[in-house]
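This report concerns only the one structure given below.
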Amino acid sequence: FLEEIQNNRLKTAESIVEFKFNKKRIKILNKYDEVPESNSEGGICYWMARDQRVQDNWAMLFTQKLALKNKLPMHVVFCLTDKFMDATLRHYKFMLDGLEEVSLDLKKLSINFHLLIGEHKKEIPKFVKDFKIGALVCDFSPLRIHREWVEKIKKELPSKVPFIQVDAHNIVPIWIASDKQEYAARTIRNKINSKLGDYLTEFPPVIKHPYKPEDSLRPEPIDWEELLESLKIDRSVEPVDWIKPGYKNSIEMLESFIMKRLKHFGDKRNDPTLSVLSNLSPYFHYGQIAVQRSIIEVKKYKSSASASVDAFCEEAIVRRELSDNFCFYNPNYDNLKGITDWAMKTLNDHRKDKRDYVYTRKEFEEAKTHDDLWNSAQIQMTKEGKMHGFLRMYWAKKILEWTASPEEGLETAIYLNDRFNLDGRDPNGFVGCMWSIGGIHDQGWGERKIFGKIRFMNYDGCKRKFDIKKFIARYGGV
Ligand code: FAD
Ligand code: FO1
């Protein structure tokens, strides 16, 4: 797969210079859009954050395009902070192992990789000044932490340095897909699918960079082991070993999905006792593989597995880009102020309903509820770092039912999801929890205790869908 993909990139274009880069993927964040002649000798810099990969990365490609055009060197910087949304050892290990591969891949392409440690708002502008950077490129995330980084860096940048943002995560750039918060998948689906002809293209290759910086500007060698040791992070959540981080492993996971699981995806993706899912979400979250790459490759099997290919595209394009849309246009994407009026009203109408069970966060975390299926799903998440997608809905909805208030329910679901799922701290996660508990992107249903009109799910419903005894036996959530 790796060679075949690289060959297809080379067939598309020898390099980004010949490739017609779609300018709608970029947004000029300050008032300059040309690289100034003077004081740019240090080169062009890509500040990498969400899309942690070399190839198939529009932000990386735009950086190289600018550097080649201006005959300048190219730098990539990543700023590491140990205060990232309570991420634990499990998450930092997965991410740093992937970044180590990025640094090695960039070295082979004569592109410098610098790992900065500290606050983004200080370290990035400092790097731009110290290295006489002529233009700064960044990638895109709708989350407030990233948007604050961008805003603060923009204020600190030397005035002449252009600051350009590229949406390297979504296939249809977020600002092209829609200019407002969408109501549901059905209202964004056509807005995205009708533009795939323009945006779902092959990628040109990132090539060996011909312009080298002066020797004094060489990056420091990185001791990755020592780096992980030095982080002040919560080490009580262990790394998992069933999924290996990094670009090469993500392509292998894509290949195994296509070869072994895709054909059942269409009709079996909601059965947690079967191994049918792509298992790509951890790689998507850290940007170690491009969603666009996975779609290009999966679509090649349209003729032999049409329903599965359509289902995968619906999830990985429409549902995922709907999540980015929600987080981008709704500042309250992770709290109940962000849900619709009908949903808030219905939850308020049932705020005083008697809860048959109420659990503490610790009891939830330790899978100590009365429900063996819920406990098994929790154990799958804490042990494997990835709960099956179908069970995440049931799991979150039960937390609404077994906490004293919807606010506490939502906070608990987001906390546990982000603490244990490798793919946590992601727009999909906030939207997944807000859909389950706050009914976003959903309609109202028959009114019931506690839930009001929020879609209800229960044990018997799961029993009808899959062999819950088999799942419970596997995870022992008695
Ligand atoms: P596959 O079924 O193979 O799907 C492939 C890709 O499609 C996924 O990687 C994802 O990018 C996208 N996708 C699939 N289902 C959804 C969905 N419901 N919404 C948005 N995109 C989707 N996803 C995360 O990435 N991080 C999270 O923290 C997260 N938390 C969730 C919490 C709850 C309560 C719910 C209901 C869903 C959550 N999801 C989250 C969405 C979904 O469950 C996961 O994306 C999916 O299970 C990841 O596994 P996979 O890649 O093997 O899935
Ligand atoms: N991005 C960073 O730029 N620096 C970090 O230190 C960092 C840590 C981190 C830990 C867990 C995790 O799930 C993601 C993390 N990210 C980090 C990546 C983050 O997803 C992107 O920066 C996004 O742009 C933020 O939305």
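The values are calculated or read from the model by the stated rules, or taken from the named source; none is laboratory data. Note that the structure is a prediction, hence the values are computed from the model and not measured. Methodologically, a virtual Cβ is constructed for each residue, glycine included, from the backbone with ideal geometry; neighbour enumeration extends over all protein chains shown. These accessible areas exclude ligands, DNA and RNA; they are computed on the full protein's heavy atoms, side chains included. Shrake-Rupley method; radii C 1.70, N 1.55, O 1.52, S 1.80 Å.
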Q | Candidate set: the range 69-92, residues that are of a type in the set (A, V, I, L, M) and not in a loop (DSSP other than H, G, I, E, B); chosen: the one nearest to residue 385 (Cα to Cα) | A | 89
Q. Looking at the range 27-57, which of the residues that are touching a Phe, Trp or Tyr at 6+ places or on another chain (Cβ under 6 Å) and of a type outside the set (Lys, Arg) is modelled with the lowest pLDDT?
A. 42
Q: Return yes when residue 95 is under 29 Å from residue 235 (Cβ atoms) and either assigned to a loop (DSSP other than H, G, I, E, B) or basic (Lys, Arg) (or both) and no when it is not.
A: no
Q | Subset of the range 109-133 that is of a type outside the set (Ser, Thr, Tyr) and assigned to a loop (DSSP other than H, G, I, E, B) - its residue that is farthest from ligand 1 (Cβ to nearest atom) | A | 132
Q.
Tell me yes or no: at least one residue of the range 237-245 is in a helix (DSSP H, G or I) and out of contact with any His (no Cβ under 8 Å at 6 or more places or on another chain).
A. no
Q) Given the range 370-478, what helices (runs of 4 or more DSSP H) lie entirely inside it while holding 1 or more residues that are more than 16 Å from ligand 2 (Cβ to nearest atom) and over 26 Å from residue 141 (Cβ atoms)? A) 372-384, 389-401, 406-420, 459-465, 468-475
(Q) Just to check your reading of the model, which residue among 307, 316 is part of a helix (DSSP H, G or I), surrounded by fewer than 22 Cβ atoms within 10 Å (Cβ to Cβ), touching a Gly at 6+ places or on another chain (Cβ under 9 Å) and of a type in the set (A, V, I, L, M)? (A) 307
Q: Tell me which residues, restricted to the range 118-160, are within 14 Å of ligand 2 (Cβ to nearest atom), farther than 25 Å from residue 174 by Cβ and without any contact (Cβ under 8 Å) to a residue 60 or more places away in the chain.
A: 118, 119, 122, 123
Q: Scan the range 421-458 for residues that are within 14 Å of ligand 1 (Cβ to nearest atom), open to solvent by 10 Å² or more (accessible area, probe 1.4 Å) and of a type in the set (S, T, N, Q) and jot them down.
A: 428
Q: Pull up the range 17-55, narrow it to residues that are of a type in the set (Asp, Glu) and open to solvent by 10 Å² or more (accessible area, probe 1.4 Å), then point me to the one that is farthest from the chain's Cα centre (by Cα).
A: 37
Q: Filter the range 217-259 for residues that are under 24 Å from residue 56 (Cα atoms) and open to solvent by 20 Å² or more (accessible area, probe 1.4 Å) and give the result.
A: 219, 244, 245, 247, 248, 249, 252, 253, 255, 256, 259
Q. In this structure, does residue 339 turn out to be within 15 Å of ligand 1 (Cβ to nearest atom), of a type outside the set (S, T, N, Q) and either open to solvent by 10 Å² or more (accessible area, probe 1.4 Å) or touching a residue at least 12 places away in the same chain (Cβ under 8 Å) (or both)?
A. yes
Q | Only listed residue being in contact with a helix residue (DSSP H, G or I) (Cβ under 7 Å, 6 or more places away or on another chain), crowded, with 20+ Cβ neighbours inside 10 Å and not in a helix (DSSP H, G or I), chosen from 324, 334 | A | 334
Q. Restricting the search to the range 82-108, which residues are buried (at least 16 other Cβ atoms within 10 Å of the Cβ), under 17 Å from residue 226 (Cα atoms), away from ligand 1 (no atom under 16 Å from the Cβ) and not basic (Lys, Arg)?
A. 89, 92, 96, 97, 99, 100, 101, 103
Q) Taking the range 234-292 only, how many residues are free of Cβ contacts under 8 Å to residues at least 12 places away in the same chain and touching a Leu at 6+ places or on another chain (Cβ under 7 Å)? A) 1
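Residues are listed down the side, and each one gets a yes or a no for (1) in contact with a Phe, Trp or Tyr (Cβ under 8 Å, 6 or more places away or on another chain); (2) among the basic types (Lys, Arg):
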{"site": "411", "(1), (2)": "no, no"}
{"site": "414", "(1), (2)": "yes, no"}
{"site": "432", "(1), (2)": "no, no"}
{"site": "448", "(1), (2)": "yes, yes"}
